[in-house]
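Enquirer: I'd like to ask you about the structure that follows.
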Amino acid sequence: MADTPKSQAKLIGCWKLVKFQVFLGDGPDALPLSQPHGTETFGRIMFSKEGWMSAALTPPERAKPISTEDWSMASDEDVLWVARAFTAYMGPYRAYERNNELILECNVEIALDPSWIGSMQKRRVTFSEMDGKKYMTLKPTQFLVLPVSTVSESEMQLF
């Protein structure tokens, strides 16, 4: 498991979320299960050359202005509406090869969800290009267990 500076260099920059999808199963036979943020997406992931990353994503309808201009004065209902669907975390990252796959690890130092703080978020990374645009796809290294007891995989595609 050697760090791969060349592959890590491909990550550097700000990536715009273009698709967030959950699948039932894995591989080419996986069935699309849902798009948790709908067909429109709103999110960014940033990777620095110094080894830090930050990710933030939310459904676009949750990123609209709330009933007050001052967030600290917002109603609990407004805060819940915005925060429940929002994912944000940051920390140092590294990329390495494992079994011919590029793996991204982030040691979460700050997160909206406090249960993520101190955790290691791991993703499988692939790169592609279409119509002159470079894309990065991130998938968890482990399956997700959903409340209905199905096992699924999520995929985030960014450019």
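Enquirer: By per-residue mean of other Cβ atoms within 10 Å, what is the highest-first order of 23-30, 45-52?
Expert: Per-residue Cβ counts within 10 Å, averaged per peptide and sorted highest first, yield 45-52, 23-30.
Enquirer: Over 18 Å between Cα atoms, which of LYS19/LYS49; LYS64/LYS134; LYS16/LYS133; LYS6/LYS134; LYS49/LYS133; LYS6/LYS139 qualify?
Expert: Too far apart for the 18 Å limit: LYS19/LYS49; LYS64/LYS134; LYS49/LYS133; LYS6/LYS139.
Enquirer: Further question on the same structure: Return the long-range amide H neighbours of SER34 (sequence gap of 5 or more, or a different chain), with a cut-off of under 5 Å between placed amide H atoms.
Expert: Amide H neighbours of SER34: VAL22.
Enquirer: Sum up the charges of everything whose Cβ sits under 14 Å from the Cβ of GLU40, counting Lys and Arg as +1 and Asp and Glu as -1, but leave GLU40 out.
Expert: Computed value for this residue: +3.
Enquirer: Summing -39500 (n - 2.57) over the DSSP H runs of n ≥ 4 in the chain and dividing by its residue number, what mean residue ellipticity at 222 nm do you reach, to the nearest 500 deg cm²/dmol?
Expert: -2500 deg cm²/dmol
Enquirer: At 0.36 nm per residue, and after removing the present C-alpha to C-alpha distance, how many nm does the segment from ALA74 to THR126 gain when stretched out fully?
Expert: Stretched fully, the ALA74-THR126 segment lengthens by 14.7 nm.
Enquirer: Take the alpha carbon atoms of the stretch 44-72, find their center, do the same for the stretch 4-24, and report the distance between the two centers in whole angstrom.
Expert: After rounding, the separation between the Cα centres reads 17 Å.
Quick note: the coordinates plus some simple rules give every number you see, no bench work behind them. Fair warning: this is a prediction, and the values are worked out from it, not measured in the lab. Positions of Cβ are backbone-derived with ideal geometry, glycine not excepted, and every protein chain shown enters the neighbour counts.
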